[in-house]
Amino acid sequence: MASGNTILQFSPSSTNLSAKIHPIVLFNICDSFLRRQDQAERVIGTLLGSISADGTVDIRNSYCVPHNESSDQVAVDIEYHHSMLVSHQRVNPKEVIVGWYSTGSGVSGGSALIHEFYSREVANPVHLTVDTGFSSGEASIKAYVGVNLSVGDRQLAAQFQEVPLDLRMLEAERVGFDILKKTTVDKLPNDLEGVEASMERLIVLIDEVYKYVDDVVEGRIPTDNSIGKYLADTVASIPRMSPAAFDKLFNDSLQDLLLVLYLGSLTRTQLGLAEKLNTAAQIL
Amino acid sequence: MANNMVRSFRDIAATQEVASPLRVVQIDGLVILKIIKHCKEFMPSLVTGQLLGLDVGSCLEVTNCFPFPSREEDEEIEADGANYQLEMMRCLREVNVDNNTVGWYQSTYMGSFQTVELIETFMNYQENIKRCVCIIYDPQRSSQGVLALKALKLSDSFMDLYRYNNFSGEKLREKNLSWVDIFEEIPVKVSNSALVSAFMTELEADAPVSQCDYDRLVLSTNPFMERNLEFLVECMDDLSMEQQKFQFYYRNLSRQQAQQQAWLQKRRAENKARKDAGEDPLPEEDPSNPIFKPVPEPSRLDSFLITNQISNYCNQINGFAGQSFSRIYLMDAIHDN
């Protein structure tokens, strides 16, 4: 270190650090952004979740924290942050602070200060930015981790390094995207409508596959062995049964269901009758 | 003339506002996701939480919610729970979230939620809030691909009856109230803000199939049906016990009436004898005689609730069987191909 050259040391980003975000966090952030005070340009808040052993950060919940930001000063309501944390942990003690979020694109100077505050709470906080202004024309959600730039032994600055973010929204899929994408949905689909919709989608898929296979056979589209193998596997996965065995299975299940249905209707009739008898009995 | 046009303040304050009946509950996507997350995490134990929102005309908007911590031991002080609630509401107020309680949500197991506690909680809420609703979510059924969320409210006629705690047969016949009238189900609408909807549309391109479809088309249906039937049978046992109570009551009543008649006859004969002998007749009633004590009539509330439960199970079976039929025929078609 005695030489005059400055050596910039980039400490490598924590290996395998990636973040996974649940859809509820996104909804929370958007909701708090919509409800922000008029003079605030952006909102910040705390992210809760868990850190798994291999370094994946699972962001499961969040809450907004009021803050004041001017050009050179940042003030965060720490007491609010702590009381909300306590309340949340009363319900779910396993959720801990894993980082913080802010709306608006890019990272600003104020963010560095806030990031430092959060790094006092957790070892390696994740900073999530959600671009609610859609400034780049598309939805951008990015996660960053703070990395310290040091020259020799001296701390120069902190750099925000982007970290891969997994946006797979499994629960949202379960609920059904139709409900979550539109601004209003008039009616929640019940059992039969749901199955109908699923079957329609299945038919569409099968049609597409048919078309693809036809195209390949006629030579319109170059063959792709991996897809071909995949299709062959899928078709082969239908269990082969002799027609007699399958018919028996089919009829048995059908009859079981019909029986149960019949019992159900019988019960309801019985209830109606019992009701009439109970209240119609005249007491002399 | 000016007096006719201008109603005095007192007049206006005196006219009561007619509350329009609640027609629809509008839930935010955020609330749905929160409820699902909370209920699923704590499955199989049942959890509850508070709903916050606004009451607008004939629509009740639910815009946010927060979960209640689960109470493991009973010595958990009431004050603690109340403190938690106040703390949460205060914090949420600071970030401009609607601060009005409009009800609560709870998770249920296989649709067995009609209990007396539910009614009591309703009555508690109703005293403070004009309009409140309870959202019931069934995480088990939702794993079948159906979003099993419904909004319930007690019907007004039932509430009046419950307040006076009078469930005799005559009162019920008067009001024409049967077990279907206890709970009213209110249609649910889902709304999302434009921002969130933009995000969701961008982030998740229209995939042809989603996990939801996989769940719906699963063929193994037996466990669910079995559990449903088990619960149904248990409920039938309970119902038959209630019926026996009624039978007992009626038998007692008729026996008592027979006794009363016999006693009356004896009295009349006695009186005739006395009249013949020229003495004053004895009164025809004798309230001190134990046969005239009225037999208490058992309350019908429990049997109503059980009936409701049974009907719910039957409905679920119906819906489920419908799904299964479609799936079985689908399998048939695929197999033929």
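The values are calculated or read from the model by the stated rules, or taken from the named source; none is laboratory data. Everything numeric in this text was worked out from a predicted model, so none of it was measured. Backbone-built Cβ (ideal geometry, glycine too); neighbour counts: all protein chains shown. These area figures cover heavy atoms from the full protein model, side chains too; ligands, DNA and RNA do not enter into them. Shrake-Rupley method; radii C 1.70, N 1.55, O 1.52, S 1.80 Å.
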Quick one: accessible surface of residue A:69, probe radius 1.4 Å, all protein chains present, in square angstrom to the nearest 10.
-> 80 Å²
Want the number for residue A:124 to residue A:229: 0.36 nm per residue separation, take away the alpha-carbon distance, what's left?
-> 33.4 nm
Nonlocal amide H pairs with residue A:98, under 5 Å, H built at 1.01 Å | A:47, A:48, A:49
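Kindly state, to the nearest 0.05, the FRET efficiency for residue B:238 paired with residue A:212, given R0 = 35 Å and r defined as their beta-carbon distance.
Efficiency at R0 = 35 Å is approximately 0.05.
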Out of residues 5 or more away from residue B:184 or on other chains, whose amide H comes under 5 Å of its own, with H placed 1.01 Å from N in the peptide plane?
-> B:153, B:154, B:155
Residues of segment A:248-266 buried by at least 40 Å² on assembly (accessible area, 1.4 Å probe, chain alone as reference) | A:250, A:254, A:257, A:260, A:261
Residue A:250/residue B:40 FRET efficiency (R0 45 Å; Cβ-Cβ; nearest 0.05) | 0.85
Can you give the mean number of other chain Cβ atoms that lie within 10 Å of the Cβ atoms in peptide A:56-64?
-> 2
Out of A:230, A:206, A:192, whose Cα points farthest toward the positive end of the dipole of segment A:189-238 (charges: +1 Lys, Arg; -1 Asp, Glu; placed on Cβ)?
-> A:230
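Can you sort B:131, A:90 by 1.4 Å-probe accessible area, starting with the largest?
Per-residue accessible area, sorted high to low, gives A:90, B:131.
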From largest accessible area down, sort B:40, A:229, A:142; use a 1.4 Å probe on the protein chains.
-> A:229, B:40, A:142
At the nearest 100 Å², what buried accessible area, both sides summed, do you get for B and A when the probe is 1.4 Å?
-> 8600 Å²
